[in-house]
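**Student:** One structure coming up, written as structure tokens, with questions to follow.
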Amino acid sequence: MKYLLYCWAIIFLFTLNFSCKNAEEKTPEVLPEETIPIKEEVVQDIENKTEIEDDTSSETDTIVSDQYFYATDGEKAAIQVRVGDVDNLGFGWDPGFDPFCGKNTSTHRYPWEVDSTDHPGTDRIMVVSGYKRARSDGYTSYTLRAHTYPVAIQMNFDPPAIEIEQVVLQMMLDDFQSPVWGTSFQFHINEKRLQYVENILNSLNQTGPTGKLVQIGILPEDFELFESGSVSISIDDPINDAGDGFAIDFVQLLINPTSQYKCNGKIRGMVKNEQNKPLEGVLVSANGLVQALSAADGSFELNEVPVGIISLLANKEGYQPTSENFELKRDENKQVTLILKVKESEDENYVSEEIKQKGYVNLYGILFDSGKDIPKAGSEPVLKELAGFIRNNAEIKIEIIGHTDSEGDAAYNEDLSRRRAKSVRSWLKKEGIDVANISADGKGESSPVASNETDAGKALNRRVEVRVIE
């Protein structure tokens with residue numbers, strides 16, 4: 001009898017342990033202070049440098065745990081640099097998932113234990129520095145503030161000995177949710193702010209949390225940032241009290257990429273106005289990688305678009321920019337309709353809201369004759385709105401920055417843009433504005449927000465920027 005009771009006790013304890021183990025795997029507890037460990041089998045996969053096979057191709061990419069990869073004259077680019085291990089923040093990949101050519105990652109747990117061997121800025125939860133006490137997402141709520149300040153990602157490689165003709169930045173981003181939390185991410189490379197990259201980051205909504213490859217085409221005016229072989233990438237929102245946590249699995253840089261680096265899709269569509277009539281000459285761009293102008297019937301077509309999260313941006317002078325955000329899959333033929341609204345007046349409320357959210361505003365209503373630095377008479381309404389904003393916010397320090405397109409000599413454009421910015425400052429002074437907190441500078445053609453390859457892009461680059469400075 002005692003023997004039978006002993007056997008039943010052993011069976012009961014074994015069953016209870018098995019049930020508890022399964023329960024833990026199905027409903028893992030979300031612990032505070034970044035204490036969730038990575039699953040043992042995922043660690044084993046990473047240590048074994050598992051090969052992940054793309055289920056849509058016979059080729060395989062070897063995904064390894066190395067924190068740094070550098071190659072020249074490879075299959076993907078003349079220069080290929082990657083920092084951070086390709087391991088989905090340590091959670092591993094679903095069977096057959098190719099992070100360079102797949103869908104969104106599966107929803108994963110949070111927080112997780114930070115591995116000190118990971119490349120700085122990768123595989124860790126970061127919360128924007130502007131966050132103080134606003135409502136917050138899970139990444140923010142379940143981590144300690146001292147450990148979540150954004151960390152710049154440094155990439156070092158030999159200075160390119162070749163002419164840079166194209167640069168593509170690939171980032172595996174996780175849980176970016178600007179539309180949900182009101183974040184306005186700022187993006188810097190070597191302390192230079194790239195507004196056209198920010199437009200893409202601030203369109204992402206990765207609630208889940210989930211991750212996805214984002215590929216961005218760098219404009220030619222910024223190729224010089226990669227000439228030294230030292231690249232520092234920072235992502236943060238120092239302005240808004242937004243509890244938006246995010247993570248980055250890896251960053252890969254491709255200089256002069258080949259066709260082998262990308263899985264492609266196609267984007268076709270129509271651009272119309274609010275009256276449902278087609279718009280011609282609209283600049284449509286997919287992450288700065290591929291762009292086209294809409295035809296007379298409003299149609300456009302973008303071929304061989306690298307897959308991933310796409311921010312499809314449409315711009316035309318006199319209209320408010322609009323964007324459509326979606327996931328483009330391999331060999332997909334995406335159909336999109338874009339509606340552009342006539343641009344409203346750049347009134348004081350517009351100036352205030354843009355500066356409050358982004359820290360800057362681009363004003364297109366301050367106009368100049370070609371080669372001249374005195375604002376045209378038609379600029380007065382916008383100038384008066386700017387003056388009203390400054391009167392109501394006299395305590396803030398601002399910088400007025402002139403920008404041009406790429407037509408003409410670069411040195412001449414820089415001088416012209418500087419004279420135009422100073423002219424705006426002088427106009428404000430004549431209007432009785434205290435300009436002690438206002439500086440003026442010009443960047444010429446060096447800081448574009450769109451490609452200068454089309455007239456539509458050039459029109460976007462000709463602007464007066466008003467920026468809050470610390």
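Rundown of residues vs (1) modelled with pLDDT of 90 or more; (2) in contact with a Pro (Cβ under 6 Å, 6 or more places away or on another chain); (3) surrounded by fewer than 22 Cβ atoms within 10 Å (Cβ to Cβ); (4) among the basic types (K, R), yes/no style:
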{"position": "A77", "(1), (2), (3), (4)": "yes, yes, no, no"}
{"position": "S141", "(1), (2), (3), (4)": "yes, no, yes, no"}
{"position": "V151", "(1), (2), (3), (4)": "yes, yes, yes, no"}
{"position": "Q154", "(1), (2), (3), (4)": "yes, no, yes, no"}
{"position": "I162", "(1), (2), (3), (4)": "yes, no, yes, no"}
{"position": "Q170", "(1), (2), (3), (4)": "yes, no, no, no"}
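**Student:** State whether one or more residues within segment 414-426 are out of contact with any Asp or Glu (no Cβ under 7 Å at 6 or more places or on another chain), basic (K, R) and free of Cβ contacts under 8 Å to residues at least 60 places away in the same chain.
**Tutor:** Checked against the condition, which is being out of contact with any Asp or Glu (no Cβ under 7 Å at 6 or more places or on another chain), basic (K, R) and free of Cβ contacts under 8 Å to residues at least 60 places away in the same chain, segment 414-426 yields at least one hit.
**Student:** Check segment 365-377 and report whether any residue there is open to solvent by less than 60 Å² (accessible area, probe 1.4 Å) and of a type in the set (S, T, Y).
**Tutor:** Taking segment 365-377 as the starting set, the residues that turn out to be open to solvent by less than 60 Å² (accessible area, probe 1.4 Å) are 365-366, 368, 371, 373, 375.
Next cut, of a type in the set (S, T, Y) only: none.
No: zero hits.
**Student:** I've got another one for you. Test S178 against the criterion of being modelled with pLDDT under 95, crowded, with 19+ Cβ neighbours inside 10 Å and not aromatic (F, W, Y), and give yes or no.
**Tutor:** Taking the combined requirement at face value, the residue satisfies it.
**Student:** Just to be sure I understand the filter: pairs with C-beta atoms under 7 Å, separated by 6 or more residues or on different chains, first member in segment 355-381 and charged (D, E, K, R), second member in a helix (DSSP H, G or I). Which pairs pass?
**Tutor:** Listed pairs, sorted by first residue: D373/L416; D373/R419; D373/R420; D373/S423.
**Student:** Here's a check for you: in segment 308-322, which residue that is assigned to a loop (DSSP other than H, G, I, E, B) and either surrounded by fewer than 22 Cβ atoms within 10 Å (Cβ to Cβ) or free of Cβ contacts under 8 Å to residues at least 12 places away in the same chain (or both) is farthest from the chain's Cα centre (by Cα)?
**Tutor:** Here the residue is G318.
**Student:** Got a sec? Which of L219, L302, L283 is crowded, with 20+ Cβ neighbours inside 10 Å, farther than 30 Å from T107 by Cα, out of contact with any strand residue (DSSP E or B) (no Cβ under 7 Å at 6 or more places or on another chain) and in contact (Cβ under 8 Å) with a residue 24 or more places away in the chain?
**Tutor:** Only one candidate qualifies: L219.
**Student:** Determine if segment 189-198 includes at least one residue that is within 24 Å of N315 (Cα to Cα), open to solvent by 40 Å² or more (accessible area, probe 1.4 Å), at pLDDT below 95 and in contact with a Ser or Thr (Cβ under 9 Å, 6 or more places away or on another chain).
**Tutor:** The answer is no; no qualifying residue exists.
**Student:** Now, a different point. Which of the residues spanning segment 101-117 are open to solvent by 20 Å² or more (accessible area, probe 1.4 Å), farther than 18 Å from K212 by Cβ and not hydrophobic (A, V, I, L, M, F, W, C)?
**Tutor:** Of everything in segment 101-117, those that are open to solvent by 20 Å² or more (accessible area, probe 1.4 Å), farther than 18 Å from K212 by Cβ and not hydrophobic (A, V, I, L, M, F, W, C) turn out to be E113, D115, S116, T117.
**Student:** For S285, indicate whether it is closer than 30 Å to G365 by Cβ and within 16 Å of the chain's Cα centre (by Cα).
**Tutor:** Details: closer than 30 Å to G365 by Cβ: yes; within 16 Å of the chain's Cα centre (by Cα): yes.
Criteria met by S285.
**Student:** Okay, moving on. Looking at segment 427-453 only, could you name the residues that are touching a residue at least 12 places away in the same chain (Cβ under 8 Å) and more than 23 Å from the chain's Cα centre (by Cα)?
**Tutor:** Taking segment 427-453 first, the residues touching a residue at least 12 places away in the same chain (Cβ under 8 Å) are 427-428, 431, 433-434, 437-453.
Result: W427, L428, E431, I433, D434, N437, I438, S439, A440, D441, G442, G444.
**Student:** When you scan segment 196-268 for strands (runs of 3 or more DSSP E) that lie fully inside it, which ones turn up with 1 or more residues that are more than 17 Å from the chain's Cα centre (by Cα) and at positive phi?
**Tutor:** 245-257
**Student:** So, one more: Going through G402, G444, G408 one at a time, which residue ends up being on the phi > 0 side of the Ramachandran plot and at pLDDT 95 or above?
**Tutor:** Going through G402, G444, G408 in turn, just one is on the phi > 0 side of the Ramachandran plot and at pLDDT 95 or above: G444.
**Student:** Something else about it: Which of (1) within 19 Å of D455 (Cβ to Cβ); (2) open to solvent by 40 Å² or more (accessible area, probe 1.4 Å) is the odd one out, the single condition M270 does not satisfy?
**Tutor:** (1)
**Student:** For segment 386-415, how many residues are open to solvent by 10 Å² or more (accessible area, probe 1.4 Å) and among the aliphatic types (A, V, I, L, M)?
**Tutor:** 5
**Student:** Would it be correct to say that I52 is in contact with a helix residue (DSSP H, G or I) (Cβ under 9 Å, 6 or more places away or on another chain), surrounded by 14 or more Cβ atoms within 10 Å (Cβ to Cβ) and modelled with pLDDT under 90?
**Tutor:** Details: in contact with a helix residue (DSSP H, G or I) (Cβ under 9 Å, 6 or more places away or on another chain): no; surrounded by 14 or more Cβ atoms within 10 Å (Cβ to Cβ): yes; modelled with pLDDT under 90: yes.
Judged against the criteria, I52 is not a match.
**Student:** Out of (1) part of a loop (DSSP other than H, G, I, E, B); (2) open to solvent by less than 20 Å² (accessible area, probe 1.4 Å), the odd one out for V81 is which?
**Tutor:** (1) is the only condition that V81 fails.
**Student:** Could you check segment 72-109 and list, in sequence order, the residues that are over 21 Å from I309 (Cβ atoms) and of a type in the set (K, R)?
**Tutor:** R109, the sole residue that qualifies.
**Student:** While we're looking at this one, here's another question. Identify the residue in segment 87-100 that is under 19 Å from the mean Cα position of the chain (by Cα) and open to solvent by less than 10 Å² (accessible area, probe 1.4 Å) and, among all such residues, is farthest from I162 (Cα to Cα).
**Tutor:** L89
The values are calculated or read from the model by the stated rules, or taken from the named source; none is laboratory data. Computed from a predicted model, the values in this text were never measured in an experiment. Glycine also receives a Cβ, built like all others from the backbone with ideal geometry; neighbour counts cover every protein chain displayed. When the accessible area is computed, the model is the full protein with side chains, heavy atoms only, and any ligands, DNA or RNA have been set aside. Shrake-Rupley method; radii C 1.70, N 1.55, O 1.52, S 1.80 Å.
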